Every structure is written in structure tokens, then in C-alpha cells.
Amino acid sequence: MQSRKDQLLGLALVSPSILAVLIFVYGFIAWSGRVSLSQWKGLMPDYTWAGLQNYIGLFTDPRFRIDIRNTVVFTVLFVGGCLVLGLTLAILLDQGLRGEGFFRSLYLFPMAISFIVTGVVWRWLMNPAQGSRISGLNLIFDQLGLDFLINKWHTTPEWGIAFIAIPAIWQMSGYTMALYLGGLRAIPESLREAARVDGASEFAMYRRIILPLLSPITLSAMIILGHISLKVFDLIVAVAGKQIPLDVPAIYMWTTTFDGNFYGRGASIGILLLLSVAVLVIPYLRYTLKNEAEL
Amino acid sequence: MRYKTFLLFLILALVLVACGGGNNAATNTEPVAPAEEEAAPAQEEAPAEAEEMANQVEVFSWWTGGGEAAGLEAMIKVFNEKYPDIEFINAAVAGGAGTNARAVLATRLQAGDAPDSWQGHAGQELIGTYVAAGQLEPVNFLFEENGWLDVMPETLIPLISQDGNIYSVPVNIHRANVLWNNPTVLAENGIDVPTTLDEWFTAMDALQAAGMEAPLAMGEQWTAMHLFETILLASLGADDYNALWDGGKSWSEPEVAAALENFAKVLSYTNSDASALSWQDAAQLVVNGDAAFNVMGDWAEGYFREIGFEPNSGYGWSPVPGTNGNFQFLSDSFVLPVGAPHREAAIAWLTVAGSREGQDAFNPVKGSIPARSDGDRALYGEYLLSAMDDWSNNTVVGSLTHGVVANDSWKSEIDTALGLFLVDKDAATFQTALATACTSSGPCQ
Amino acid sequence: MTAIQSRKRYFFYIPLVLMAIFYLIPIYIMLVTGFKSFAEVDLQTMWRLPQGIHFDNFVEAFTKLAPHLWNSIKLVIPAAIISSILGSLNGFVLARWKFPGADVIFPVLLFGMFIPYQSILIPLVQFMREINLYGGVWGLVLTHVIYGIPITTLTFRNYYATVPKELIESAKIDGASMMRTYFYILLPLSLPSFVVVLIWQFTSAWNDFLFAVVLTSPENWPITVALNNMAGSQIIAWNVQMAGSFIAAVPTLLVYIFLGRYFLRGLMSGALKG
């Protein structure tokens, strides 16, 4: 079907990218993998073989257990929050209201700003002080008489990490909204009309017809948001600094490598992060590619 | 590594070809043009740059703001006057008490791209990381040529040396074991400045009884470690404290357990929102009268003055209770890397950093005392003069948090153990973790 | 739509406006603080409007940041354009001009999107030094281009996959070569994807701190690194800092304000759907 010349040309066009990715992604991963199996501790490289020692160490490491637990809590709330908020906003915006374009752009803009820029603001907003030093959102709640909302934010014992999801949701929920809105627009009006003619309530229509049709979007949003949440780092550092109650693997990796010179351990955390991303992504890739093949 | 170079050139060539393809369709001519334009002058500049290079010195630090940056600027000014033909490149990177800076420095050193000099805390932080990796040149010759051995305290030299070699030029001295207090709050409650841990506990009990929920202000995790090192010193005394760090005393002993008990008790007087506060926020609680005490290094004094408080009326100070007669110190210092790209210029910089003029330019602005004992006393305020006196006649011990007594790996293990302790308050586990840390990364066997 | 009475629909504005406030709060704080005088900055009064407009904060911040703002622009524009072109070519080949093994190569490329960048800093710096691109803006451009390949390829590939086969087949029958098909049929069609990818890459390169801080030397630092350095370690002039933050956010905000519509349109047409 295709000429051999074109095939070769195709290969030539993608080969620079492939080479670059081979070096910058797989080459570097291989390097990390090798370091994770070494005893490297100290400034200069030491590739002495250590087997799985670094990994075994992590699984008995109480700090790493906190990290895993925090990551799970954060991921569930962040991904869940973005999906629920994104879907709700998308459905509201899909009602053909005036000013839709304005709201749409407004919801999307947090994505444009990094936490280098907004981290401090969030630290102020989530200031846990109460009583005479009350400030931030707590102050607003106090003045609006919403005292039950006043809380200790990320300094809440045990569940502080849950509050860290708020700025993350702030940043990514608009993007999720846009994905869903695109999905909603792709659903032909005739389907909804048919449901209405059958006497289905609005709510039932969304539950029975629209939501199932949106599930591929939910899946891709989960993958994109999920991998962001596994890598979360600068947000936490900007809002709450480095502290054990809010520790996550990416922060542990950074501090143990650059503050503690435990390069072997740092690399093994990196590899474990990658593996968990792979567990998330590979089945998804297979699923989407297979679906496409069937089309 | 050569084959990688080759691969990359191949990639670059292909990228250019691919973009060139874009040109044919008359779309996106932009990316190619700037790339070529940039590439050409860059090559032309290369030889010119090489000539210039002899006349510059790149100094790496984490002093980007406040009194630190101003102090560095003041010292650079002295440098520029003395060496007008050497260009000073200030490669300061901010963030997380130098954490970003350290990461950048580590990646640069591993890639063989050392700056001409960099800032580091004198002591094990430099020795355990950079000397151990063979990155630093001894600077004994500078001390001898400039007569610094006569003007730097004898107690300091061993702490910045390894096997008789001195590895850094200390610019300043800070004191870690300072208890800041609010004189008004103390007077109102009839409390004298405590001198022992027990007096301190009694005072804080009285303040709590009087309705002050958290008499001791504390900030984020590293300030807890700062508090921890002073309580360790207060509980053990200078000799045992030092022995913990050189392997002479085991971390499993009951005295350490007692110290941890004291630490846990001290923590019970602290504010519940500590983890959300910076050290400045915590220090401010004291001068604002929200708390009575704060344990922080003496850079806090510069902060109090900057926000408009006067010594003695706005804030008072004393050694942390139980550490009278001890000066727990830290020092910022500059180093001479092996293979510094501009070694002569780096030596010029170090000469300024160790000189009386350089230190007297830097320290009054930074809010620290000079490492030299011959600083011009007229330049320093009341607190700093008292620190200069203590520095000359107290027993000098090193700080943990600020890099003097433990190498980076050890310190980071202690930091993790401490962070876990702040969460679960389990002193026994903490002590076990401290003992393990000493075995795995310290001198304990 | 008809099923919902128009009066009832006004209630929809309540959550929409509440959410709009939620999204705007941080910007509000940033702006009011940026206009305050230093003495006015206090956590207890953070919500209050400034007592006077202190525009000098912005002037001061801009003076400090200007050279780095320029560095960022020099970095971001080529990075966004080159990675979009590469992504488009890759997407085209992988979606439409399949060669043996194309289905393996796509996921292999895509996986690069998911690596935690902190873990590859050390080999990255070593490699950049090896090829003499360390310290300058071009090394950083190359890095952003390469780590942008997965997302740009994904976007274009998915978009090109939706182009009807007949269109391409007919071009082939007309004897068009592969490159002609690309330039004359697919490229003009993929404008929405270009907008999405350009904005995406622009934003991520603009906001990047990690690569910038380890790969560039001080004179080449982009604005994020300079902004981070502005926050000194003792007294932080929060008013100037906030003014600086706002300045750093302006280019991306402008891009979203002026091109946001096309970005959304591209997104909604499926351009960024995994």
C-alpha cells in the first residue's frame, strides 16, 4: 500500500524524536536504575553493586510508608475533586447560559500559573492560625459567620495532606472541565431528545446516557491527573515546606539525594515512582490502542 | 561518552533538516532563523570569552535576599575596589535554606563544572561532603600568608580542618543557642530570664497558667531541629554533647533518653501551628507578645531590628537555659575547589573574605560577628558586641542544624527521625533511630 | 435545553459565580498585595484593598526581573515552536504513514511524559555538558523540546487519526507524495492542534523552574528562577514579591486571555484527549 520510499521517509522523520527520547528518557531511566542498585552515598558517583538493598530499605522505612499513604490520600482527593468539579462545571456550562465563554476561560486560567508564583498566596490563604492571629481563609470564614469552616488546614493532624489537594484542584479542575465540556459537545442532541421523549428526567438522562458516554474522557483525565499527583512536589514545598507529615515520594527523593547525599536511595524512589506510573499508564495505553484498532 | 555526543549531533542535524522541510511549505520560518543566528555569534564569541575568563570569579551561594545578600554585596564592593579587573559573578540560588542551591551545586560538581568558590557551613557539612569527595583544596597557605591563624580563634580551626588541612575560609560566626524573650511579657508575669531547664519549665507553666497557650514559639521542621540541638546541649553539657558527634558517646545511653524527655517536654509548650510558620513568623510571635520565648540563631536579632524593635525593650536574649558558658556556633565559609576554573581569582576572593576589611563589610550588614577576633567593635550593635565577648571566652561547640557537627547524610537521617518524632512523639523509637543514624552515617560502630 | 425553565436556569449562575470567585481569590491577593506599601503588608489585613496605589512595587520588580523576562521569552518561543513541529511530524507519521513497528514506537515515545523529572537531573546535566549546551539558553530549549515530544506527538497523532482516511487515500491516488499530503492536506487542517500544543508548551516552559535552575548559568536564568531568588531569607518585601509574581504570570495570562478560546476549542475538539 505504501511505497518503500515513503516508509523510509516516515522513519527518517520520526527518528530524531525517537533517538532523543531514547537518550533523554530511557537512557536516563537506565542510569537511575543502575544507581538505584548501587551503594552511592556521598557527592561523587560510586557504582558499587548493592543489589536490591536500597529497595528493601525503603519498604522498612517508616518515612516511606507515610509517603505512600500521603500519595494515596492526595491522589484520591485531587483526582476525585477535579473530576467531580470539572464534570459539574461542564454540565452547568453546557446548559447554554449567557456568559459561558467568560466562565470557561476564567476557570481555565489557573493552569497558566505555576506554584512558584502562587505558592506564597496559598500559604497565606491556608494559614492555620486562629484566635487573635486569625488570617487567610479562616479570617473570611470568621467574618462571614461560617465558623464551622474554620480549620487548621494542612496542619491538621493525620489529614493535613488532604488540604494540600485544594490548591492542586484549583489549578487543574478547569482543565478537567474543558475536557468534559468537549465530550458533552460531542454528544448529539438527538440522543438527549430521545431520552426526554421517553420521559426520562434530566437527572436520569445524565446518569444513564451522558455519563456512560463520557467514560473515555474520565479515563484519560484520570491518567493525566493521576500522574501529576504522583509527581507532586513544588506545590507542597511552596505551600508547606518540607515536613514529614506532608511528605511524598518526590520530596523524599529530592531531600535524600541532595540534602543527604543518598544517591542510591534517591534513585530507587525515582524508579518506584516510575513503576507506579507505568502500572497506571501501560494498561491504559494498551486499552486505547486496542480500541482504536477495532474502529 | 563520545558516542552520545555523536548521537546528539545527529539529532540536531535531523532537527534542522526537519525544520528546513517546514520552510518549503512557507510555514514557520521562525524556528530556524534564530537558531542559526544564535549559533553563529556563539562560535565567534567563544575565543573572546576565553580571554575574558581569566578575569572573572564565579562565586556560588544561597545569599539572595535580606541582610545576607546585602552583606555579600558589601563584601563584593570591597573585592571590586581591591581587584577592579576581576569580574565578580554572583551565582546565588535561593530556596529552602540553600537546598536548591545545594542541588544545583551537586549536579555541577558531578558534571565537573565547579564554580570558582562556593559558600558552605564550616565543619562537617563541608568536610563530610566536599572534602570526602576530594573536591576541595586545602587553604593552609592562605591562613599562613595572611596571618589569619593569629586572628581566628584556636577553637575554630580544628572544626574546619581535617588531618591538619584547613578547608575553608570562615567569614562570619552565628550563635545558635540563643533564647529570645519578650521583656514586657516576662515583667508582667513576674518572670526572670530562666537559666536552667527547670526554671524555664516553671516559667512556662506560670505563663500557661496565666492564659498564654503556647509560651514558646516554634516554626517549621528545621526550627524544631534547631531547638533539639540546644536542648541536647543543655541536657548533656558540652563534653558529652561533643562526644555524641565524634563517636565517644553512644546515642543509646540513658542520658540521651533524658535529653529526649526534656525535648518532648519543651515541645509541649510550643504553638500548634508551628509547621506552618517560617522562623521569621515564629520570632515575630515573641516581639508581638503572642509568645514569651523563641529559640533561634542570632540572625533573628537582625530581623527584630529590621521590623522596628529595639534591643532590651522590644526583645531580650540569653543563652538557652542550661547552656550558659557555651557558644553553639555556625559559620559561613568559602572554599577553594580542586581545579577551580579561575584559581587566582578565587584566591583573590578568599583573601578578601578572610580579611578584616571584608569581614567588617559583611558582618554588620548580615547581623553576625566576624570570624576574626580583631573586628572593629565600633561597627557592631549591642547584641553583636555581647556575642563577640561570649565567642572569645565561652566553650565553643558546634551546631547540628547548621552543618558543624554532623555530615549531610547523618544530619538528614536525624532530620527524618525528628520529623517522625514530631508526628508520633514516641521517644523510644526516636532514640533507636538516632542510634541507627549514627551507625549508618556517623562515626558509631 | 427547552426542558429547563429559564427562571430555574438563573440558579445555575450561583455555583458558577461562586467557583469564579474561588478561582480568582489568589489573583486578588496577589494584586492587592502588589499595590500595597511595605508597612501595609500584614497577614491580618491581607484581604483589605491597598490604601494607595503603590505602582513603584511593580517598577522595582520589573527592573529586577526584566533581563530574565527576556531570557524566558528567548527560551519559550523556540521551545514551543520546535516541539510543536516535531510533534506534528511525529503525529503525522505515527497516525497515517505507518511503517512497521509504528504501533510500538508510539507508546514508547508517550511514556516519556510520565517520568519524574527530579530523578533524571544528574544525567541530564552531565549529558548537556558533554554536548556543550550546559549553562546557556539553548540547552534548556533542547530539554524542553525533547521532554515536550511525548505530549505534542500524542496531541497531533490523535488529531490526525480523526482525519478521514478517504481524504488521504484520494490524495495518494492523485499521486501526491507523503510530504505533499502532509503539507497540503493535514497541516492546514491541524491548526487547532497547533494552537493547543503551542500554548501547552509555552506554559510549561514558561513555568518551569527545575530544569532552568540546574541547566542555566545566572546570566541566562529565566524569570522563574529570578523570581524565586527575589524572596530573600530574612525580610521579604512581599509587596514587591507579589508584584514580581504578577509580572511573571502576565505573559501566560495574556496567552490564555487572547488565545484561550482557541485553546479550549482545540481541547474540546479532542486535541488533548489521551
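The values are calculated or read from the model by the stated rules, or taken from the named source; none is laboratory data. Because the structure is predicted, anything quoted here is derived from the model rather than measured. Here Cβ is always computed from backbone atoms with ideal geometry, including for glycine, and neighbour counts include all displayed protein chains. All accessible areas refer to the heavy atoms of the entire protein, side chains included, with ligands and DNA or RNA removed. Shrake-Rupley method; radii C 1.70, N 1.55, O 1.52, S 1.80 Å.
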Exercise for review: Kindly indicate which of B:VAL352, B:VAL338 is touching a residue at least 60 places away in the same chain (Cβ under 8 Å), open to solvent by 10 Å² or more (accessible area, probe 1.4 Å), assigned by TED's automatic domain parsing to the domain that holds B:LYS82 and aliphatic (A, V, I, L, M).
Suggested key: B:VAL338
Review point. In the list A:GLN143, A:GLN95, which residue meets the criterion of being over 30 Å from A:ILE244 (Cβ atoms), facing another protein chain (nearest Cβ under 8 Å) and surrounded by fewer than 16 Cβ atoms within 10 Å (Cβ to Cβ)?
Key: A:GLN95
Check your understanding: Among the candidates A:PHE78, A:PHE74, A:PHE64, which residue alone is in contact with a Leu (Cβ under 6 Å, 6 or more places away or on another chain), at negative phi and surrounded by 17 or more Cβ atoms within 10 Å (Cβ to Cβ)?
Key -> A:PHE64
Review point. Assuming C:ASN57 fulfils every condition listed in (1) buried (at least 22 other Cβ atoms within 10 Å of the Cβ); (2) at the interface with another protein chain (Cβ under 9 Å from one of its Cβ atoms); (3) over 24 Å from the mean Cα position of the chain (by Cα) apart from one, which condition is it?
Key: (2)
Review point. If you go through region A:232-242 one residue at a time, do you hit one that is outside any helix (DSSP H, G or I), at pLDDT 85 or above and within 11 Å of chain C (Cβ to nearest Cβ)?
Key: yes
Practice item. Take C:PHE22 and decide whether it is within 30 Å of A:GLY96 (Cα to Cα) and touching a helix residue (DSSP H, G or I) at 6+ places or on another chain (Cβ under 8 Å). Key: yes
Review point. In region A:43-61, which residue that is within 22 Å of B:ALA103 (Cβ to Cβ) and open to solvent by 40 Å² or more (accessible area, probe 1.4 Å) is farthest from the other protein chains (Cβ to nearest Cβ)?
Key: A:TYR47
Check your understanding: Quick check, is A:LEU211 of a type outside the set (D, E, K, R), open to solvent by 20 Å² or more (accessible area, probe 1.4 Å) and closer than 30 Å to A:TYR252 by Cα?
Key -> no
Check your understanding: Among C:ILE151, C:ILE122, C:ILE115, which is the only one that is of a type in the set (A, V, I, L, M), facing chain A (nearest Cβ under 9 Å) and under 21 Å from C:SER83 (Cβ atoms)?
Key -> C:ILE115
Check your understanding: Of the residues that sit in region C:135-194 and are basic (Lys, Arg) and surrounded by fewer than 22 Cβ atoms within 10 Å (Cβ to Cβ), which one is farthest from A:GLY27 (Cα to Cα)?
Key -> C:LYS172
Review point. So which of C:GLY260, C:GLY266, C:GLY244, C:GLY274 ends up being farther than 26 Å from B:ALA70 by Cα, more than 10 Å from chain B (Cβ to nearest Cβ) and either modelled with pLDDT of 90 or more or open to solvent by 10 Å² or more (accessible area, probe 1.4 Å) (or both)?
Key: C:GLY274
Review point. Does A:SER173 satisfy being closer than 23 Å to A:GLY80 by Cβ, within 11 Å of chain C (Cβ to nearest Cβ) and small (Gly, Ala, Ser)?
Key: yes
Exercise for review: Report, by residue number, each residue of region A:10-32 that is open to solvent by less than 20 Å² (accessible area, probe 1.4 Å) and away from chain B (no Cβ under 11 Å).
Suggested key: A:GLY10, A:VAL25, A:PHE28, A:SER32
Point to revise | Counted residues, region A:238-269 - those being closer than 19 Å to A:THR48 by Cα and not hydroxyl-bearing (Ser, Thr, Tyr) | key: 8
Review point. Can you name the residue in region C:18-50 that is away from chain A (no Cβ under 11 Å) and outside any helix (DSSP H, G or I) and is also surrounded by the most Cβ atoms within 10 Å (Cβ to Cβ) among such residues?
Key: C:LYS36
Review point. Can you tell me which of A:PHE163, A:PHE141, A:PHE203 is in contact with a His (Cβ under 6 Å, 6 or more places away or on another chain) and more than 22 Å from C:PHE263 (Cα to Cα)?
Key: A:PHE163
Check your understanding: If you go through region B:110-130 one residue at a time, how many are surrounded by 21 or more Cβ atoms within 10 Å (Cβ to Cβ) and closer than 26 Å to B:GLY442 by Cα?
Key -> 13
Study note, to complete from the structure: Within region C:231-240, residues at the interface with another protein chain (Cβ under 7 Å from one of its Cβ atoms) and either part of a helix (DSSP H, G or I) or open to solvent by less than 20 Å² (accessible area, probe 1.4 Å) (or both) come out as C:GLY232, C:GLN234
**Study point:** Number of positions in region A:252-287 that are of a type outside the set (Gly, Ala, Ser), open to solvent by less than 30 Å² (accessible area, probe 1.4 Å) and in a helix (DSSP H, G or I)
**Key:** 16
Exercise for review: State whether the residues of region A:76-86 include one that is facing chain C (nearest Cβ under 9 Å), of a type outside the set (Asp, Glu), under 17 Å from the mean Cα position of the chain (by Cα) and in a helix (DSSP H, G or I).
Suggested key: yes
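Let's see how each residue does on (1) touching a Phe, Trp or Tyr at 6+ places or on another chain (Cβ under 6 Å); (2) of a type in the set (S, T, N, Q):
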residue: C:THR155; (1), (2): no, yes
residue: C:TYR160; (1), (2): yes, no
residue: C:LYS165; (1), (2): no, no
residue: C:ASP208; (1), (2): no, no
residue: C:TYR262; (1), (2): no, no
Exercise for review: Would you confirm whether any residue within region C:85-107 is within 11 Å of chain A (Cβ to nearest Cβ), of a type in the set (Ser, Thr, Tyr), more than 24 Å from C:ALA176 (Cα to Cα) and open to solvent by less than 10 Å² (accessible area, probe 1.4 Å)?
Suggested key: no
Revision key, fill the gap. Flagged in region A:243-268 as within 10 Å of chain C (Cβ to nearest Cβ), more than 18 Å from the chain's Cα centre (by Cα) and closer than 30 Å to A:LEU125 by Cβ, in numbering order, are A:TRP254, A:PHE258
Review point. Has region C:133-140 got any residue that is at positive phi and either within 9 Å of another protein chain (Cβ to nearest Cβ) or modelled with pLDDT under 85 (or both)?
Key: yes
Review point. Does B:LEU418 satisfy being within 14 Å of another protein chain (Cβ to nearest Cβ) and in contact (Cβ under 8 Å) with a residue 24 or more places away in the chain?
Key: yes
Exercise for review: Kindly check whether there is at least one residue in region B:160-175 that is crowded, with 23+ Cβ neighbours inside 10 Å and of a type in the set (D, E, K, R).
Suggested key: yes
Point to revise | Breaking point among (1) in contact (Cβ under 8 Å) with a residue 12 or more places away in the chain; (2) within 14 Å of another protein chain (Cβ to nearest Cβ); (3) surrounded by 15 or more Cβ atoms within 10 Å (Cβ to Cβ), for B:GLU213 | key: (3)
Point to revise | Residues of region A:146-164 satisfying the condition of being within 14 Å of chain C (Cβ to nearest Cβ) and either assigned to a loop (DSSP other than H, G, I, E, B) or farther than 17 Å from B:ALA274 by Cβ (or both) | key: A:LEU146, A:LEU149
